[in-house]
Amino acid sequence: GWCPLSPAGVQTTQLLVEPPWTPAVLWDRVTLTCRGSGTVDATTWYKDGLQWGQEGLNHFLVTESGTYRCERPGTGLSSPVRVLNGEW
């Protein structure tokens, strides 16, 4: 009897992007939300592969372009989300 951790059976950390279209660009006021097991204050954020100082936040408004990931202790690292500055 294997039992999922949550009702939805979420076994991975998910990085949700609002608004949901890709690529995300800064002028859309992009918000990133981290979903996974563990508590919100255990969330670790990464930007361009480096740990980034938004610990303990579940979501935030992106102000810099780059590639973002989040990590939760139970479910690990999310897949990367790229945010562009919109200047082509």
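Scan the stretch 42-54 for residues that are farther than 16 Å from Gly74 by Cβ and part of a loop (DSSP other than H, G, I, E, B) and the total you get is 4. Identify, by number, the condition in (1) in contact with a Lys or Arg (Cβ under 8 Å, 6 or more places away or on another chain); (2) buried (at least 17 other Cβ atoms within 10 Å of the Cβ) that Gln14 doesn't meet. Result: Gln14 fails condition (2) only. Please go through the stretch 68-88 and give me each residue that is on the phi < 0 side of the Ramachandran plot, out of contact with any strand residue (DSSP E or B) (no Cβ under 6 Å at 6 or more places or on another chain) and of a type in the set (Gly, Ala, Ser), ordered by number. Across the stretch 68-88, the qualifying residues are Gly74, Ser79.
Residues of the stretch 60-79 that are surrounded by fewer than 17 Cβ atoms within 10 Å (Cβ to Cβ), over 12 Å from Gln14 (Cβ atoms) and not hydrophobic (A, V, I, L, M, F, W, C): Thr63, Glu64, Thr67, Pro73, Gly74. Can you pull out every residue in the stretch 55-88 that is assigned to a strand (DSSP E or B) and not aliphatic (A, V, I, L, M)? Hits for the stretch 55-88 are His59, Phe60, Gly66, Thr67, Tyr68, Arg69, Cys70, Glu71, Arg72, Gly76, Arg82. Within the stretch 18-41, restricting attention to residues that are open to solvent by 70 Å² or more (accessible area, probe 1.4 Å) and not in a loop (DSSP other than H, G, I, E, B), the residue that is modelled with the lowest pLDDT is Asp41.
The values are calculated or read from the model by the stated rules, or taken from the named source; none is laboratory data. Nothing here was measured: the structure is a model prediction, and the numbers come from that model. Counting neighbours? That spans all protein chains shown, and the Cβs are built from the backbone with ideal geometry, glycine included. Each accessible area value is taken on the protein alone, full model and side chains, heavy atoms only, with ligands, DNA and RNA left out. Shrake-Rupley method; radii C 1.70, N 1.55, O 1.52, S 1.80 Å.
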